[in-house]
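The values are calculated or read from the model by the stated rules, or taken from the named source; none is laboratory data. These figures come from a predicted structure and were not determined experimentally. Glycine also receives a Cβ, built like all others from the backbone with ideal geometry; neighbour counts cover every protein chain displayed. These area figures cover heavy atoms from the full protein model, side chains too; ligands, DNA and RNA do not enter into them. Shrake-Rupley method; radii C 1.70, N 1.55, O 1.52, S 1.80 Å.
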Amino acid sequence: MSADSISSAPETASPAVAAPTRRTLGPVQDLERHLPAEWWRGLFNALYLKTDGDVVEDAAATAREVDLIVEAAGLEPQHRILDLCCGQGRHLMELGRRGFQNLTGVDRSRYLVRLARRRAAAAGLSITLREGDARRFRVPEEGFDRILLLGNSFGYFERADDDRVVLDRVRTALAPGGTLALELTDGRWLAETFERRSWEWIDGDHLVCRERTLSADRNRLVCREVVVHAERGVIADQFYAERLYTAEAIAELLREAGFARVRRHGAVEATSERGDLGMMARRLVLTAEAPRRPQAPAGKKPAVREVTVLMGDPRLPDSVKLGGTFNEEDLETIQKLKDALAEVKGFSFKFWNDHSKLIGDLLSDPPAFVFNLCDEGFENDALKELHVPALLEMLNVPYTGCPPACLAVCYDKATVRAVAEDLDVPVPSQTILEHDDQAAHLPSAFPALLKPARGDGSIGITAGSVVHTPDELLAAADRIRREWPGRAILVQEFLTGPEYTVGVIGNPGVGMTVLPVLEVDYSALPEGLPKILGYESKWDPASPYWNDLKFKEAELPEPARRAMIDHTLKLFGRLDCRDYARMDFRCGADGVPRLLEVNPNPGWVWDGKFNLQAGMAGYSYADMLRMILEAAVDRLEAGAEKGSVPRTVPAA
């Protein structure tokens, strides 16, 4: 492949406009020393499609490749087909146009998956597309009849053992007797013929210069690619690599992984008017069959995954909600949840919300699996949100979402800030007023924002929480003490820049999906109101904060977006978040995003920020709920395989 890793150009702009000008490393003697271990993370994007467009965006070439794969792998329209590392979905689209119905694509690149979804929708094709790691992807109960690994997408990992992990996962994901179709670079040919240096104009504006060398063990081809814009200078200086398998070596690896009937089907010769085809120039095509496992006994039905949805109790008061009780909006939200879950296939749902019977029901009839949506807390006490998973933990009931310790830590904003600082995550400056501290330690600069140090749902944060003078600060502190007695108060610098939210679904080591970054749009807020997401924005339909605040997909510099995602993933792991989380950031005057809050088990409501982010990625409300469930199931199954948790979840 000629350009497997390119700089991360924003998805909404053309690379020529959006890619930042950057400096090169200059002459490099040892390409391998500069190769990132996971160069493939986040690097398949709009600029990649431009530099490799002559091969990967060629409809005629795609049609010829699909012709070969259909014949070699014996694809039939009724087959359940997975295109692993599907990229922008070019092979899936061609199959869909030919009448294939049961098509699924998985790829690590969020950009390419989203592009594939848009293209499939525009073409009227029904294709399931998901983000995922080739070593760990979700498999339906019935498995797949055919799995495709095309487009030279095999051999990227630093360790050869990971290539074997991919093949092991593919073998277990195939139905008995199913077929893998694998297309990868011809390692022997490439090692003998690769160009050490080349350059070419890929269009009227972009010049690409490439360097290549064999790794020290001569098992990988390591490449460097510098992309130069005619007016803006260098816009990418990236390194990538691929393991070089001969036909004999890959066939032996397939047999070691348990495949049978390994066959070679010639080679794919790339064609292009451009000169340098790199790793895409000549590719091997092989097929291999999964073993035919014994069939289940006649009449035995697959296990049904029964899910108990645990929620707040509408019979009880709730001090966080407007008016202190469940209202019409809350009941409508619950109904929309039930409607969405009815669309989620493969699960059956029942709902528990009577907290007076909860402990007894858990003891007498423990659920097989709990979808924990009780963010109100036990008996609707927000301070007892952690008590719900604690009960489930004690009774060994598997559940979605964060464990008790994570909820306890994240409920205390000062503790979260300390953890963030330890991870070098930027945070606002702040001081703490203890609940009985009458000698206020005033901030060194105004404006400032006051809020309870412990809490969620934006409790205690109103327009009066933004203060500009010492007198306003003391008045705001007195109000919080009256409304939320016994709680310390955070006095935090008030950041006035753009406000963003990063949402993730999944778990480290199993698979993570980062949702599009969301930006809060304060432009329609009446003049004079401070630009904050306070209590009224979540709970008061009569407030301008409810009616005039909008949300949109963020358009921001790539370094800032990448930094917020990196901070989110670091905090997710350190705080022991699980399955899904949302983290809020806001920029200061210097443009640096600073962490405002970590939201473990964030709001699951249909009109909340988390579902808005899912919608920006092309997911429906039902999709979002399904993804959270699947993330929890995958986590539990991965833990069971390692022996760290009992396997109490029915097999998928």
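Structural remarks
- Complete set of residues in region 240-250 that are open to solvent by 10 Å² or more (accessible area, probe 1.4 Å) and either small (Gly, Ala, Ser) or within 10 Å of residue 284 (Cα to Cα) (or both): 245, 246, 247, 249
- Boolean, residue 461 is modelled with pLDDT of 80 or more and either open to solvent by less than 10 Å² (accessible area, probe 1.4 Å) or in a loop (DSSP other than H, G, I, E, B) (or both): no
- In region 392-406, of all residues being assigned to a helix (DSSP H, G or I) and open to solvent by less than 10 Å² (accessible area, probe 1.4 Å), the one that is nearest to residue 629 (Cα to Cα) corresponds to 392.
- Which listed residue is open to solvent by less than 10 Å² (accessible area, probe 1.4 Å) and either without any contact (Cβ under 8 Å) to a residue 60 or more places away in the chain or among the small types (Gly, Ala, Ser) (or both), from 56, 66: 66
- When each of 553, 558 is tested for being modelled with pLDDT under 85, under 23 Å from the mean Cα position of the chain (by Cα) and either open to solvent by 20 Å² or more (accessible area, probe 1.4 Å) or over 22 Å from residue 612 (Cβ atoms) (or both), the lone residue that passes is 558.
- Within region 371-391, tally of residues that are under 28 Å from the mean Cα position of the chain (by Cα) and either farther than 21 Å from residue 326 by Cβ or in a loop (DSSP other than H, G, I, E, B) (or both): 9
- From the list 98, 110, 146, the lone residue that is under 21 Å from residue 253 (Cα atoms), open to solvent by 20 Å² or more (accessible area, probe 1.4 Å) and either at pLDDT 95 or above or under 21 Å from the mean Cα position of the chain (by Cα) (or both) is 146.
- Of all residues in region 201-243, those satisfying the criterion of being assigned to a loop (DSSP other than H, G, I, E, B), touching a residue at least 24 places away in the same chain (Cβ under 8 Å), within 22 Å of residue 184 (Cβ to Cβ) and not aliphatic (A, V, I, L, M) are 215, 218, 219.
- Within region 512-524, residues that are touching a residue at least 40 places away in the same chain (Cβ under 8 Å) sit with their Cβ atoms under 6 Å from residues that are open to solvent by 10 Å² or more (accessible area, probe 1.4 Å) and assigned to a loop (DSSP other than H, G, I, E, B), at 6+ positions apart or across chains, in these pairs: 517/554.
- Near pairs, Cβ below 7 angstrom, 6+ apart or cross-chain, from region 468-493 (assigned to a loop (DSSP other than H, G, I, E, B)) to any residue that is among the acidic types (Asp, Glu): 488/434
- Residue count, region 329-354 (criterion: open to solvent by less than 40 Å² (accessible area, probe 1.4 Å) and within 16 Å of residue 399 (Cβ to Cβ)): 2
- Subset of region 253-275 (residues that are of a type outside the set (Gly, Ala, Ser), open to solvent by 30 Å² or more (accessible area, probe 1.4 Å), more than 30 Å from residue 33 (Cβ to Cβ) and not in a strand (DSSP E or B)): 255, 256, 271, 273
- Residue within region 468-486 that is under 35 Å from the mean Cα position of the chain (by Cα) and either buried (at least 19 other Cβ atoms within 10 Å of the Cβ) or farther than 30 Å from residue 573 by Cα (or both) present: no
- Members of region 589-643 found to be of a type outside the set (D, E, K, R) and assigned to a strand (DSSP E or B), listed by number: 593, 595, 596, 598, 599, 600
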